[in-house]
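*Asks:* Input: one structure, supplied below.
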């Protein structure tokens, strides 16, 4: 290994020819505005201190390269193991300066061009730096240097970086605050790096794995990519990366997060793929280690290793369709995947990838695949409607495939799901009338809209079709969110209790367009009823025109809830008799023992509050671990129904039946990682 301190001008051979290529394991260009601004600030600081007698120095870190022979027999070539973010950014700054002074300083423009291109060469050797093809980095970089338009399919950050410097340097040139000649000398001579040239026998992949670019630590996907390059013979890298790994990265881009998670698509895919293979949910921080462990165990030689990469490519296509149902070619499957995406089924992706493979390999039919998606929707909708915590699904789906018999695919799938906290009809009838469905956040409302639109379709299907809204659907509260004096009088003496208990429940909610929503607002009930009776959706017209509705009170809301629930149970019928159902409770509790400490209680609400209180004290990050997993029961703001605030500031919903409270507490205890022995209630 040789290490030298070089000025940037020397890195670019001071106008001589040189060629830097990014190895296949390198990630895309990832610097952002914060990084560009920091570099620009450093350069401006150097500019202000620069003089003919004093040439300030600014160390930018290291460039790690490995010699890669020559191009066209004379041009030295290097693989850039580490430092691409800095080198590409500096070259874009040079390019922006050149663009701005091309007409006014032609000689300087030519000096800048000779730092960036090998002007006697053609093809890829024409460029001194060759970025990776990820996200169109290479296309964008070449287009900028050649003065061509950026291709439309490019998602690279390189054009954004170039435009940033074009604007910032341009403003300073126009104001006269900088001189282009002096700025060029600062970039060329004051910026310095340690140029580390590795011998060919050294292992650049291991060095890369231990390096982090400035402000951009390596992701799990970066480490996996590097590991693949490390395991492949150099003679096979271009083939495998070009034909198999690059298509995976083009489909699944880590800069796009999956759903509401913090994971990028590629990292999430690798995590779910490993979960699918092992039956164990992989920790998101250990994706690389688990991938490496699997490959070391399963791939005993190069050909087996390559076959695993080819298999990854196959499953990446399925994963892309789960994320983006519009890429699924079959209309029926595409529409059902769209519905599932609204229900946030990412926890089921390991299972769904196996279903996809069975379908593609014709082990199950199109009809079986379609029915499986319906079964999964049934399971997810019913759990959503009774507020079952979502964290349980990680456990439910990791091993689900092992419980399926492909010869009896849909039958065994139904049987398996009914053993996984599947809500029964009786539970839905008991819980749903009081469940707050109009939650905060767009995704919660999308789920509600899906349910209501489905009921409307079910009501209309007898005529061979169904009506849809002329605009985007919005949720309308029949008893309005803001009660006018007329509404309070309409509801009677108990208006406040009715409002708090039923405002956001299914019996009080329907669908209209935004225009109708604004018009109806807090209009009196008789006016709303008349408008809804003449509405285009059967969901509204059928109910409000055929019922003898003089008042919209507690009884009326409960009655409509019962009507809607029966339609829900018709459309999403029980898959089978649930193995585990909440026990009916008729006795009054007298004591609660949790984690060995006993508390005297008088009501089931006391049990719920004391259980939540103890568990809230166990977790510093209560929001992430508990509250976000049970949004129907915890909120940062008071519920409109009976609730009580915990010492940590979170509000606990207490407007629940005794059976619901017991079910809630059991789920909460499980979520906290406690056992059934840790939570015991003594009843009279």
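The values are calculated or read from the model by the stated rules, or taken from the named source; none is laboratory data. Because the structure is a prediction, the values reported are computed rather than measured. All Cβ positions, even for glycine, are placed from backbone atoms using ideal geometry, and neighbour counts span all protein chains on display.
*Asks:* In contact (Cβ under 8 Å) with a residue 40 or more places away in the chain and either touching a helix residue (DSSP H, G or I) at 6+ places or on another chain (Cβ under 6 Å) or closer than 21 Å to residue 448 by Cα (or both): does that describe residue 501?
*Replies:* Numbers: in contact (Cβ under 8 Å) with a residue 40 or more places away in the chain: yes; either touching a helix residue (DSSP H, G or I) at 6+ places or on another chain (Cβ under 6 Å) or closer than 21 Å to residue 448 by Cα (or both): yes.
Criteria met by residue 501.
*Asks:* Look through 310, 280, 240, 228 and report the one residue that is part of a loop (DSSP other than H, G, I, E, B) and touching a residue at least 12 places away in the same chain (Cβ under 8 Å).
*Replies:* Details: 310 fails: part of a loop (DSSP other than H, G, I, E, B); 240 fails: part of a loop (DSSP other than H, G, I, E, B); 228 fails: part of a loop (DSSP other than H, G, I, E, B).
The unique qualifying residue is 280.
*Asks:* Sticking with this structure for a sec: Could you pull out every one of the helices (runs of 4 or more DSSP H) wholly within segment 385-443 that has 1 or more residues that are in the same structural domain as residue 342 (by TED's automatic domain parsing) and farther than 17 Å from residue 564 by Cβ?
*Replies:* Details: elements: 392-398, 409-417, 425-431.
Output list reads 392-398, 409-417.
*Asks:* Continuing with the same structure: Among the residues of segment 651-660 satisfying the criterion of being modelled with pLDDT of 85 or more and out of contact with any helix residue (DSSP H, G or I) (no Cβ under 6 Å at 6 or more places or on another chain), which is surrounded by the most Cβ atoms within 10 Å (Cβ to Cβ)?
*Replies:* Applying the first criterion (modelled with pLDDT of 85 or more) to segment 651-660 yields 651-654.
Next, from what is left, pick out any that are out of contact with any helix residue (DSSP H, G or I) (no Cβ under 6 Å at 6 or more places or on another chain): 651, 653.
Details: 651: 17, 653: 25.
The extreme case among them is 653.
*Asks:* Right, something else. Only one of (1) under 23 Å from residue 444 (Cα atoms); (2) part of a helix (DSSP H, G or I) is not met by residue 504, so which one is it?
*Replies:* Tallying (1) under 23 Å from residue 444 (Cα atoms); (2) part of a helix (DSSP H, G or I), residue 504 fails exactly one: (2).
*Asks:* Look through segment 507-525, keep the residues that are at pLDDT below 90 and part of a helix (DSSP H, G or I), and return whichever of them is farthest from residue 384 (Cα to Cα).
*Replies:* 519
*Asks:* Here is a list of conditions, (1) in contact (Cβ under 8 Å) with a residue 60 or more places away in the chain; (2) within 28 Å of the chain's Cα centre (by Cα); (3) crowded, with 19+ Cβ neighbours inside 10 Å; (4) within 18 Å of residue 395 (Cβ to Cβ), and residue 663 meets all of them except one; can you say which number that is?
*Replies:* So the condition that residue 663 fails would be (2).
*Asks:* Could you identify the single residue in 542, 558, 530, 514 that is in contact with a strand residue (DSSP E or B) (Cβ under 6 Å, 6 or more places away or on another chain) and farther than 30 Å from residue 410 by Cβ?
*Replies:* Values: 542 fails: in contact with a strand residue (DSSP E or B) (Cβ under 6 Å, 6 or more places away or on another chain); 558 fails: in contact with a strand residue (DSSP E or B) (Cβ under 6 Å, 6 or more places away or on another chain); 530 fails: in contact with a strand residue (DSSP E or B) (Cβ under 6 Å, 6 or more places away or on another chain).
After applying the criteria, what remains is 514.
*Asks:* Turning to a different aspect of this structure: From the list 602, 528, exactly one residue is on the phi < 0 side of the Ramachandran plot and either in a helix (DSSP H, G or I) or modelled with pLDDT of 95 or more (or both). Which is it? Steps first, please.
*Replies:* On the way: 602 fails: either in a helix (DSSP H, G or I) or modelled with pLDDT of 95 or more (or both).
Sole residue among the options that is on the phi < 0 side of the Ramachandran plot and either in a helix (DSSP H, G or I) or modelled with pLDDT of 95 or more (or both): 528.
*Asks:* Would you check which residues across segment 66-76 are buried (at least 18 other Cβ atoms within 10 Å of the Cβ) and at pLDDT 90 or above and list them? I'd like the intermediate steps shown before the answer.
*Replies:* Step one: of segment 66-76, the residues buried (at least 18 other Cβ atoms within 10 Å of the Cβ) are 66, 71, 75.
Scanning segment 66-76 gives 71, 75.
Residue-by-condition table, conditions (1) in contact with a strand residue (DSSP E or B) (Cβ under 7 Å, 6 or more places away or on another chain); (2) in contact (Cβ under 8 Å) with a residue 12 or more places away in the chain; (3) exposed (fewer than 12 other Cβ atoms within 10 Å of the Cβ):
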position	(1), (2), (3)
8	yes, yes, no
11	yes, yes, no
24	no, yes, no
30	yes, yes, no
34	no, yes, yes
42	yes, yes, no
49	no, no, no
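*Asks:* Kindly establish whether residue 258 is surrounded by 15 or more Cβ atoms within 10 Å (Cβ to Cβ), touching a strand residue (DSSP E or B) at 6+ places or on another chain (Cβ under 9 Å) and more than 30 Å from residue 67 (Cα to Cα). Before the answer, list the steps.
*Replies:* Values: surrounded by 15 or more Cβ atoms within 10 Å (Cβ to Cβ): yes; touching a strand residue (DSSP E or B) at 6+ places or on another chain (Cβ under 9 Å): yes; more than 30 Å from residue 67 (Cα to Cα): yes.
Yes: the conditions hold for residue 258.
*Asks:* Quick check on segment 343-364. Is at least one of its residues in a loop (DSSP other than H, G, I, E, B) and in contact (Cβ under 8 Å) with a residue 60 or more places away in the chain? Break it down stepwise before answering.
*Replies:* The initial filter retains those residues of segment 343-364 that are in a loop (DSSP other than H, G, I, E, B), namely 343-345, 361-364.
With in contact (Cβ under 8 Å) with a residue 60 or more places away in the chain added as a condition, the list becomes 343-344.
Checked against the condition, which is being in a loop (DSSP other than H, G, I, E, B) and in contact (Cβ under 8 Å) with a residue 60 or more places away in the chain, segment 343-364 yields at least one hit.
*Asks:* Which condition does residue 629 not pass, out of (1) surrounded by 17 or more Cβ atoms within 10 Å (Cβ to Cβ); (2) under 23 Å from residue 494 (Cα atoms); (3) touching a residue at least 40 places away in the same chain (Cβ under 8 Å), if it passes all the others?
*Replies:* (2)
*Asks:* Does residue 124 fit the bill of being in contact with a helix residue (DSSP H, G or I) (Cβ under 9 Å, 6 or more places away or on another chain), assigned by TED's automatic domain parsing to the domain that holds residue 184, under 12 Å from residue 21 (Cβ atoms) and in a helix (DSSP H, G or I)? Explain how you work it out, then say what you get.
*Replies:* Values: in contact with a helix residue (DSSP H, G or I) (Cβ under 9 Å, 6 or more places away or on another chain): yes; assigned by TED's automatic domain parsing to the domain that holds residue 184: yes; under 12 Å from residue 21 (Cβ atoms): yes; in a helix (DSSP H, G or I): yes.
Taking the combined requirement at face value, the residue satisfies it.
*Asks:* Given the conditions (1) out of contact with any helix residue (DSSP H, G or I) (no Cβ under 6 Å at 6 or more places or on another chain); (2) more than 16 Å from residue 435 (Cα to Cα); (3) buried (at least 17 other Cβ atoms within 10 Å of the Cβ), which single one is not true for residue 637?
*Replies:* (3)
*Asks:* State whether one or more residues within segment 387-394 are touching a helix residue (DSSP H, G or I) at 6+ places or on another chain (Cβ under 6 Å), surrounded by fewer than 20 Cβ atoms within 10 Å (Cβ to Cβ) and either free of Cβ contacts under 8 Å to residues at least 40 places away in the same chain or over 30 Å from residue 476 (Cβ atoms) (or both).
*Replies:* Among the residues of segment 387-394, at least one is touching a helix residue (DSSP H, G or I) at 6+ places or on another chain (Cβ under 6 Å), surrounded by fewer than 20 Cβ atoms within 10 Å (Cβ to Cβ) and either free of Cβ contacts under 8 Å to residues at least 40 places away in the same chain or over 30 Å from residue 476 (Cβ atoms) (or both), which makes the answer yes.
*Asks:* With respect to residue 666, determine if the residue is closer than 20 Å to residue 427 by Cβ, assigned to a helix (DSSP H, G or I) and assigned by TED's automatic domain parsing to the domain that holds residue 594. First the steps, then the outcome.
*Replies:* Working: closer than 20 Å to residue 427 by Cβ: yes; assigned to a helix (DSSP H, G or I): yes; assigned by TED's automatic domain parsing to the domain that holds residue 594: yes.
Spelling it out, residue 666 is indeed closer than 20 Å to residue 427 by Cβ, assigned to a helix (DSSP H, G or I) and assigned by TED's automatic domain parsing to the domain that holds residue 594.
*Asks:* Considering each of 476, 489, 453 in turn, give the residue that is outside any loop (DSSP other than H, G, I, E, B) and surrounded by fewer than 18 Cβ atoms within 10 Å (Cβ to Cβ).
*Replies:* On the way: 476 fails: surrounded by fewer than 18 Cβ atoms within 10 Å (Cβ to Cβ); 453 fails: surrounded by fewer than 18 Cβ atoms within 10 Å (Cβ to Cβ).
None of the others qualify; the one that does is 489.
*Asks:* Within segment 251-270, how many residues are in a helix (DSSP H, G or I) and either touching a residue at least 60 places away in the same chain (Cβ under 8 Å) or within 13 Å of the chain's Cα centre (by Cα) (or both)? Before the answer, list the steps.
*Replies:* Filtering segment 251-270 down to residues in a helix (DSSP H, G or I) leaves 251, 265-270.
From what is left, the residues that are either touching a residue at least 60 places away in the same chain (Cβ under 8 Å) or within 13 Å of the chain's Cα centre (by Cα) (or both) are 251, 265-269.
The qualifying residues number 6.
*Asks:* Sticking with this one: Residue 105 passes all but one of (1) in contact with a strand residue (DSSP E or B) (Cβ under 7 Å, 6 or more places away or on another chain); (2) farther than 21 Å from residue 35 by Cβ; (3) surrounded by fewer than 21 Cβ atoms within 10 Å (Cβ to Cβ); which number fails?
*Replies:* Condition not satisfied by residue 105: (1).
*Asks:* Something else about it: Condition (residue is closer than 30 Å to residue 413 by Cβ and out of contact with any helix residue (DSSP H, G or I) (no Cβ under 9 Å at 6 or more places or on another chain)) applied to segment 605-627: is it met by at least one residue? If you could, list the steps in order and put the result at the bottom.
*Replies:* First, the residues of segment 605-627 that are closer than 30 Å to residue 413 by Cβ: none.
For segment 605-627, residues closer than 30 Å to residue 413 by Cβ and out of contact with any helix residue (DSSP H, G or I) (no Cβ under 9 Å at 6 or more places or on another chain): absent.
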